[in-house]
1. Would you check which residues across region 445-492 are hydroxyl-bearing (S, T, Y) and open to solvent by 20 Å² or more (accessible area, probe 1.4 Å) and list them?
2. May I ask you to say which residue of S16, S53 is open to solvent by less than 10 Å² (accessible area, probe 1.4 Å), within 25 Å of F168 (Cβ to Cβ), in contact with an Asp or Glu (Cβ under 8 Å, 6 or more places away or on another chain) and at pLDDT 95 or above?
3. Let me spell it out: the conditions are (1) surrounded by fewer than 20 Cβ atoms within 10 Å (Cβ to Cβ); (2) touching a strand residue (DSSP E or B) at 6+ places or on another chain (Cβ under 6 Å), and K197 meets all of them except one. Which number is the exception?
4. It is to be established whether one or more residues within region 442-457 are touching a helix residue (DSSP H, G or I) at 6+ places or on another chain (Cβ under 6 Å) and in contact (Cβ under 8 Å) with a residue 12 or more places away in the chain.
5. Quick one: I67 ticks every box in (1) of a type outside the set (D, E, K, R); (2) at positive phi; (3) touching a strand residue (DSSP E or B) at 6+ places or on another chain (Cβ under 8 Å); (4) surrounded by fewer than 23 Cβ atoms within 10 Å (Cβ to Cβ) bar one, so which box is it?
6. Regarding region 494-510, can at least one residue be identified that is out of contact with any Lys or Arg (no Cβ under 7 Å at 6 or more places or on another chain), near the ligand (Cβ under 9 Å from one of its atoms), in the same structural domain as E416 (by TED's automatic domain parsing) and touching a residue at least 40 places away in the same chain (Cβ under 8 Å)?
7. Among all residue pairs at least 6 apart or on different chains, which show Cβ distances below 7 Å where the first residue, located in region 415-439, is more than 19 Å from G225 (Cα to Cα) and within 16 Å of the ligand (Cβ to nearest atom) and the second is of a type in the set (K, R) and at pLDDT 95 or above?
Amino acid sequence: MKKDLIIILDFGSQYSHIIARRIRDLGVYTLLYSYDISIHNILSKKPKGIILSGGPCSVYEKNSPLISKNIFKLHIPILGICYGMQLISFILGGKIEESKYKEYGKVDFTIDKINDLFYKIPKKSIVWMSHFDEIKDLPKELKIIGHTSSCRVAALTHINKNIYAVQFHPEVQHTKFGIFILKNFIFRICKCNSKWKINNFIEKSIDKIKKRVYGKRVILGFSGGVDSFVSAYLIYKAIGNYLNCIFVDTGFLLKKEKEKISLLCKKINLPIKIIDAKNNFLSSLNGISDPEMKRKIIGKEFISIFQKESEKIGNVEFLAQGTIYSDIIESSIFSSNKLSCSIKSHHNVGGLPISMKFKLIEPLKELFKDEVRKIGKKLGLPKEILYRHPFPGPGLSIRIIGKINEKKIIIIKKAENILYEELNNYNIYDTVNQAFIILLPIKSVGVMGDKRTYEYTAVLRVINTEDFMTATFSHLSYDFLEKISSRIINEVEGINRMVYDITSKPPSTIEWE
Ligand code: XMP
C-alpha cells in the first residue's frame with residue numbers, strides 16, 4: 001500500500017519542522033516545501049492534507065509570502081497555523097491588522113463550536129500563542145470556532161470546505177491538546193493511515209551511497225558524536241575502505257576525548273585517522289570573539305585539513321558529514337525556504353567555505369536526532385555511542401565566550417571534566433540530554449582562605465530535550481548543584497563563581513555562542 005503524505009508549506013516559522021516532526025511521530029510521512037511551490041507540483045505529490053505554517057511576516061505587508069487562491073479548489077483538507085490562518089482569511093478577502101494586544105506564551109483558549117478539528121478536546125484548555133496580528137474582518141465563508149480573552153478569532157473553519165485554522169501553535173508542547181488537534185486533522189479530517197516507518201532507511205541509504213560514490217573515495221569529518229558515528233558506520237557498510245574517516249584534534253576537545261573515540265571505533269571496527277591540528281586552530285582563532293566568525297574560521301580550517309588529506313589519499317570526490325535536519329534548519333540553509341532567519345551557522349553546514357571542492361554526502365540530513373538514534377540502534381551500535389551527549393564541532397571554542405587563549409582552554413577542560421565525573425557519580429548523565437560548562441569573560445570578586453580573588457565566572461548548562469530544537473533547563477537537585485559549584489571553585493584555578501542557566505530554548509539557544 002502506498003504511504004499517505006502530508007505536505008507542510010513553510011512560511012518561515014522556526015517551528016515548521018516541529019509540525020513535520022510531530023506528524024512523522026504519528027506515523028504519517030510528512031514533507032516540508034517552500035510556500036512558493038506550484039499548485040501543479042503540490043498536486044503531483046498527491047498529498048492527503050496541506051498545512052500552512054506560521055511565519056515571521058505580516059500578510060498585509062508588501063512582498064509578504066502568499067499562495068494562490070487555487071489551493072482552496074484542490075479538495076485537499078487544509079490546516080492553517082498562525083500566519084497560515086491569517087493567510088487563509090486574507091486570501092479569501094478578510095482584513096488583518098496589527099493587534100492591540102500581542103499574545104506570546106501560554107494563553108487560555110475556549111472552543112466556541114464543536115467540530116472535527118476539536119473532536120474530544122475540552123472546551124477550555126491552554127494553548128501557546130506567538131502573534132502580533134489579528135483578523136479584524138472575517139470573510140463570510142469562514143466562521144469562528146474558538147477564541148481567547150484578547151483574540152476574537154483564535155480558530156476558524158470554512159463553512160463548506162475542509163479548511164481549518166488556528167492562531168496558536170498545536171505543534172508546540174505547551175499547547176496542552178496540540179497533538180490531539182494534529183491527530184484530528186490528520187486522521188479524522190485527512191483520513192490518513194499511519195503507515196510510515198523509518199524501517200527501510202538503512203537499505204535505501206546504503207544502496208544510494210553505493211551508486212553515487214561508485215569507485216571514488218569519500219573523506220568523512222568524524223566528530224565522535226552520535227550523528228557522525230551513525231553516518232560513518234552507514235557509509236562504511238556501503239563502501240568499506242573507500243571511506244576515510246578523519247578525526248581532527250582541534251585542541252578544543254574534552255579531556256581524554258581522543259582516547260575515548262579511538263576505543264569506541266575499535267569496538268565497532270571502524271577505522272579512523274586522528275590528525276593533530278591544535279596549533280592551527282588556536283592560532284587562527286587568535287583575537288577572534290565573534291561567534292559566527294569563530295564558526296566560519298573553524299569550518300575553513302577543517303576543510304583545508306580535509307583537502308590536504310584527500311590529496312594524500314587520491315581520487316577523493318566526496319566529503320561526508322553527520323549533518324542532521326536541525327543543523328540545516330538552524331543554519332537556515334534550509335532548501336524549503338528563504339524566509340526563516342539564520343540562528344547560527346553550525347560548522348558542518350553554514351560554516352563551510354563556498355570554494356570547497358568536495359561534493360557532500362549527508363545521509364542523515366533529513367532526520368532528527370532521535371530518528372538518528374533509532375537508525376544507529378538498528379545498525380547495532382552500542383548504547384555508549386548512541387546516548388553520548390552531543391558535542392559541537394567547534395568544541396570548547398564556542399563555550400569560551402569571547403576571545404580564546406590557552407589558559408582559558410585549560411580552565412574550561414578541568415571544569416568540564418569535574419562536571420562529567422559528578423554526572424556519573426550522581427547517575428544523572430543518562431537522565432539529561434546535554435550538560436556542559438561555559439566560561440564567561442566576566443571576572444568578579446570573591447574571597448577564598450581569607451584572601452580576595454578576582455576570577456572568571458562559569459555557567460552550568462544542563463538541558464532536557466527531544467530533538468535539540470527546543471529544550472528546557474534540567475531541574476537538578478540543589479545537592480548536585482552545590483557539589484558542582486564547590487568542586488569547580490575549589491579545584492579549578494581561574495573560576496571563583498558558578499551560576500546555573502535557567503533558560504529554555506527558545507528563547508535561548510543551547511550553546512551560548
Ligand atoms: P544550539 O546552541 O543551536 O544547539 O541550540 C543545538 C545543538 O547543536 C549543537 N551545536 C553544534 N553542533 N556544530 C555542531 O556540530 C556547531 O557549530 C554547533 N552549535 C551548536 C549544540 O551543542 C546542541 O546540541
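1. T453, Y454, Y456, T465, T470, T472, S477, Y478, S485, S486
2. On the way: S16 fails: at pLDDT 95 or above.
Sole residue among the options that is open to solvent by less than 10 Å² (accessible area, probe 1.4 Å), within 25 Å of F168 (Cβ to Cβ), in contact with an Asp or Glu (Cβ under 8 Å, 6 or more places away or on another chain) and at pLDDT 95 or above: S53.
3. (2)
4. The answer is no, given that none of the residues of region 442-457 is touching a helix residue (DSSP H, G or I) at 6+ places or on another chain (Cβ under 6 Å) and in contact (Cβ under 8 Å) with a residue 12 or more places away in the chain.
5. (2)
6. So far as region 494-510 goes, no, none of its residues is out of contact with any Lys or Arg (no Cβ under 7 Å at 6 or more places or on another chain), near the ligand (Cβ under 9 Å from one of its atoms), in the same structural domain as E416 (by TED's automatic domain parsing) and touching a residue at least 40 places away in the same chain (Cβ under 8 Å).
7. Taking only residues 6 or more apart or on different chains, the pairs are I438/R399; I438/R461; L439/R399; L439/K408.
Residue by residue, here is whether (1) out of contact with any Pro (no Cβ under 8 Å at 6 or more places or on another chain); (2) in contact (Cβ under 8 Å) with a residue 24 or more places away in the chain; (3) surrounded by 14 or more Cβ atoms within 10 Å (Cβ to Cβ) holds:
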site	(1), (2), (3)
I76	no, yes, yes
G80	yes, yes, yes
L92	no, yes, yes
F109	yes, yes, yes
I114	yes, no, no
L117	yes, yes, yes
S125	yes, yes, yes
D137	yes, yes, no
V153	yes, yes, yes
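The values are calculated or read from the model by the stated rules, or taken from the named source; none is laboratory data. Predicted model only: the values in this text are computed from it and were never measured. Heads up, the Cβs are rebuilt from the backbone with ideal geometry, glycines too, and the neighbour counts pull from every protein chain shown. The protein model used for the area step is the full one, side chains on, heavy atoms only, and it has no ligands, DNA or RNA in it. Shrake-Rupley method; radii C 1.70, N 1.55, O 1.52, S 1.80 Å.
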